[in-house]
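Engineer: Please see the structure below; I have some questions.
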Amino acid sequence: WSAASHLAATRQGLAAARDGGTVLLLPLAVDDSATDLARRTARQLGTAVHQPVTVGASAPVTGLTTHPETVAAAYAEGRRCLDALRLLNRAGDGAAAEDFGFLGLLLAGERDVGGFVDRTIGPVVTYDERRGTELLRTLDAYFACGMSPARTKDALHVHVNTVAQRLERVGRLLGEDWQTPARALEIQLALRLHRLASPDRR
């Protein structure tokens with residue numbers, strides 16, 4: 001507790017004891033993220049007390065003076081992240097809901113669907129919008145066809161080389177690991193959420 005109070009004081013924040021743990025309300029720098037702050041805090045407190053300290057963070061909170069109820073929601077979100085870290089055997093680490101991919105949607109109190117879609121397939125959405133391409137449609141078809149380029153070209157009525165070129169572009173935009181099981185699952189969920197949010201775009 002003393003280490004947390006000292007940390008809060010040096011960062012112009014607040015510290016309180018609650019539910020057998022410590023709650024910190026810390027300011028977030030413009031170029032910082034909730035994840036980075038959580039990880040730094042876990043490291044600093046762990047060093048101070050000489051044992052692993054696990055930190056679950058909420059998304060940044062604004063308007064505390066006009067909407068004090070947001071503190072309770074942020075606390076609940078932070079607790080859910082803390083529980084997730086423990087379940088994943090990540091003691092001594094720090095994280096925010098955004099670190100858990102689509103599971104973060106379940107952890108985040110306000111269900112930041114737009115943020116999840118942007119983080120997951122945002123580069124592809126932007127590329128299509130700027131260039132009038134059909135990478136999203138190709139991705140949809142690719143997953144619907146069991147990740148088979150041959151079946152995808154039949155579904156889209158294009159040459160298999162066109163499918164290969166589009167998927168290569170997707171790989172450059174999303175990273176080489178985009179077809180790994182975990183990433184593919186997140187991308188498929190993001191595609192569906194994007195489609196639900198934009199029913200006119202197919």
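The values are calculated or read from the model by the stated rules, or taken from the named source; none is laboratory data. Remember, predicted model here, so these are calculated numbers, not experimental data. When the accessible area is computed, the model is the full protein with side chains, heavy atoms only, and any ligands, DNA or RNA have been set aside. Shrake-Rupley method; radii C 1.70, N 1.55, O 1.52, S 1.80 Å.
Engineer: Given a 1.4 angstrom probe, I'd like the percentage of the accessible area of the chain that is carbon and sulfur, rounded to a whole number.
Structural biologist: On the way: 6520 of 12110 Å².
Of all accessible area on the chain, carbon and sulfur atoms account for 54 percent.
Engineer: Here's another thing I want to ask about it. Given 37 °C and 0.692 mPa s, compute D for region 1-108 with the Stokes-Einstein relation, Rh being the Kirkwood radius over Cα pairs; round to the nearest whole µm²/s.
Structural biologist: Values: Rh = 13.9 Å.
It comes out at roughly 235 µm²/s.
Engineer: Still on this structure, please answer the following. Give me the percent relative contact order of the chain, please, defined on Cα pairs under 8 angstrom at least 6 residues apart.
Structural biologist: Values: 237 pairs, mean separation 28.0, N = 202.
For the chain, the relative contact order is 14 percent.
Engineer: Something else about it: Taking a 1.4 Å probe, which of His67, His50, His194 shows the most accessible area, and what order do the others take after it? Provide the component values of the computation, followed by the final result.
Structural biologist: Numbers: His67 95, His50 160, His194 30 Å².
Accessible-area ranking of His67, His50, His194, largest first: His50, His67, His194.
Engineer: Let me ask you something else. Specify whether the C-alpha gyration tensor of region 123-202 places it in the rounded, prolate or oblate class, a ≥ b ≥ c being the square roots of the eigenvalues: rounded for a/c under 1.5, otherwise prolate if a/b is larger than b/c and oblate if not. Spell out each step's value before the answer.
Structural biologist: Numbers: a/c = 1.26, a/b = 1.12, b/c = 1.12.
Rounded, because the longest to shortest axis ratio a/c is under 1.5.
Engineer: What three numbers, in Å, describe the spread of the alpha carbons of the chain along their principal axes, ordered from the longest?
Structural biologist: On the principal axes, the chain reaches 66, 38, 26 Å in Cα extent.
Engineer: As a test of the formula, what do you get for the chain when each DSSP H run with n ≥ 4 contributes -39,500 (n - 2.57) and the sum is divided by the residue count, at 222 nm and rounded to the nearest 500 deg cm²/dmol? List each step's numbers first, then the result.
Structural biologist: On the way: 9 runs with 118 residues, N = 202.
My calculation for the chain gives -18500 deg cm²/dmol from helical runs alone.
Engineer: If I ignore ligands, DNA and RNA and count only protein heavy atoms, how much of Leu135 is accessible to a 1.4 Å probe, in Å² to the nearest 10?
Structural biologist: Near enough 10 Å² of accessible area.
Engineer: Taking a probe of 1.4 Å, how large is the accessible area per residue of the chain, in Å²? It would help to have the intermediate numbers written out before the result.
Structural biologist: Working: 12110 Å² over 202 residues.
I get 60 Å² per residue for this part.
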